[in-house]
Amino acid sequence: MADARGTIGCIAPEVFSRNFGGVSSKSDVYSYGMMILEMVGGRKNTKVGLWEDTTSEENKMARKMILVGLWCIQTKPSDRPSMSRVIDMLQESLEALHLPPNPFMFSPRSPEKLPSDGLLEESSTTSVP
């Protein structure tokens, strides 16, 4: 690869530093995950209660996109799913998806501070689905 191109926030860490691994198709998965997260979070919040105005189906889709995006932006390329697996994850039900492992720079919070919406599971031993 001669030059890194693209939006700076969407470029995989291994493109800048070989300490994260070599550039591969997993680098594209990272960029796709960042794009998914931008799509979910990129709405203009003109109303204070944005999530209150969404339907249940829109809320589920947003949660699914967030989980898939988080899988895609794992720091270690080996922890990221393949692009075909990403497509499968987007087509699965929300209940079939698991949280990705916590990043190595993660600072755990006490359990009473974690949201209890039924989506959180112990993820320290979770592997790429």
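Descriptive notes on the structure:
- Linear extension gain, L99 paired with M83, 0.36 nm per residue minus alpha-carbon span: 4.0 nm
- Ranking R85, R63, R18 by solvent-accessible area of protein heavy atoms (1.4 Å probe, all protein chains present), from largest to smallest, gives R18, R63, R85.
The values are calculated or read from the model by the stated rules, or taken from the named source; none is laboratory data. None of these values were measured; they are calculated from a predicted model. These area figures cover heavy atoms from the full protein model, side chains too; ligands, DNA and RNA do not enter into them. Shrake-Rupley method; radii C 1.70, N 1.55, O 1.52, S 1.80 Å.
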